[in-house]
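Structure record follows, encoded as structure tokens.
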Amino acid sequence: NLTIIHPAGHKYDWLWIIAMFFMAIVSRNNIVQAAKYIAVKDSTHARKAAALPMVLYLLLPIFWFIPPLCANTLVPGFTESFASVKNPAELAYIAPCLAVLPKGMVGLLVAGLFAATMSSMDTGLNRNAGFLIKNFYAKVVRPKANEKELLLAGQVCTAIMGICIILIALIFVSMGKISLFDVVMSISAMLLVPLAVPLFLGIFVKGQPRWA
């Protein structure tokens with residue numbers, strides 16, 4: 001039986017699924033993610049920008065979930081085959097791909113995984129560096145900085161953030177047999193929840209003092 005249907009004794013149960021569902025709604029409707037609505041030329045295109053991800057998020061998970069769900073059938077005992085890996089369960093996606101896809105397609109799959117990861121990382125680093133430079137560096141540290149200096153500061157900030165992320169990843173990996181999924185959940189719990197508190201209070205409390 002699937003643990004998602006019978007979650008007894010499993011840490012990711014229906015309560016977790018419901019919480020993640022509402023967290024996804026909140027995380028997709030904030031000023032960071034709203035850039036795709038603001039950048040369009042009119043309301044019609046804004047609605048299209050919202051409708052396209054909605055449709056894709058309904059369809060694409062079907063394709064994402066098929067390989068892991070079929071892993072035990074296509075590659076029986078794959079966890080024993082990859083026993084040398086710290087968390088063989090994380091190979092539930094790649095194991096059936098290795099068994100089914102021809103060698104050329106496997107290389108294309110790996111290239112696609114790297115490309116998707118790097119594009120998301122690149123977007124996140126540049127966006128966060130832009131927030132820090134435009135809202136803190138340019139207003140508090142160097143109000144008279146020209147565009148060239150701000151660009152250089154943004155590049156340095158992006159590099160520092162990238163190094164910090166790599167170091168954090170290495171720290172979590174060195175902690176032992178902790179899965180990549182648990183790492184993401186741990187970081188989200190430590191960072192996103194405290195960040196959400198002032199944003200949530202800002203909806204109800206107006207005119208906060210500067211120290212807030």
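Odds and ends about this structure:
- Selection within the stretch 39-68 - assigned to a loop (DSSP other than H, G, I, E, B) and either open to solvent by less than 90 Å² (accessible area, probe 1.4 Å) or modelled with pLDDT under 80 (or both): Ala39, Val40, Asp42
- In the stretch 116-128 there is no residue that is hydroxyl-bearing (Ser, Thr, Tyr) and over 27 Å from the mean Cα position of the chain (by Cα).
- Note on the stretch 157-196: residues that are out of contact with any Lys or Arg (no Cβ under 9 Å at 6 or more places or on another chain), of a type in the set (Val, Ile, Thr) and within 20 Å of Met118 (Cβ to Cβ) amount to 9.
- Residue in the stretch 71-102 that is least open to solvent (accessible area, probe 1.4 Å), counting only those that are among the charged types (D, E, K, R) and under 21 Å from Leu113 (Cα atoms): Glu90
- Unique residue being within 23 Å of Leu195 (Cβ to Cβ) and free of Cβ contacts under 8 Å to residues at least 12 places away in the same chain when the list is Ile66, Ile171, Ile62: Ile171
- Verdict on Lys139 being open to solvent by 90 Å² or more (accessible area, probe 1.4 Å), in contact with a Leu (Cβ under 9 Å, 6 or more places away or on another chain) and part of a helix (DSSP H, G or I): no
- Total residues in the stretch 82-111, condition touching a residue at least 60 places away in the same chain (Cβ under 8 Å), of a type outside the set (D, E, K, R) and within 17 Å of Trp64 (Cβ to Cβ): 1
The values are calculated or read from the model by the stated rules, or taken from the named source; none is laboratory data. Since this is a predicted model, take the numbers as computed values, not measurements. Neighbour counts run over all protein chains shown; Cβ positions are idealised from the backbone, glycine included. To get the accessible areas, we keep the full protein, side chains included, count just its heavy atoms, and leave off ligands, DNA and RNA. Shrake-Rupley method; radii C 1.70, N 1.55, O 1.52, S 1.80 Å.
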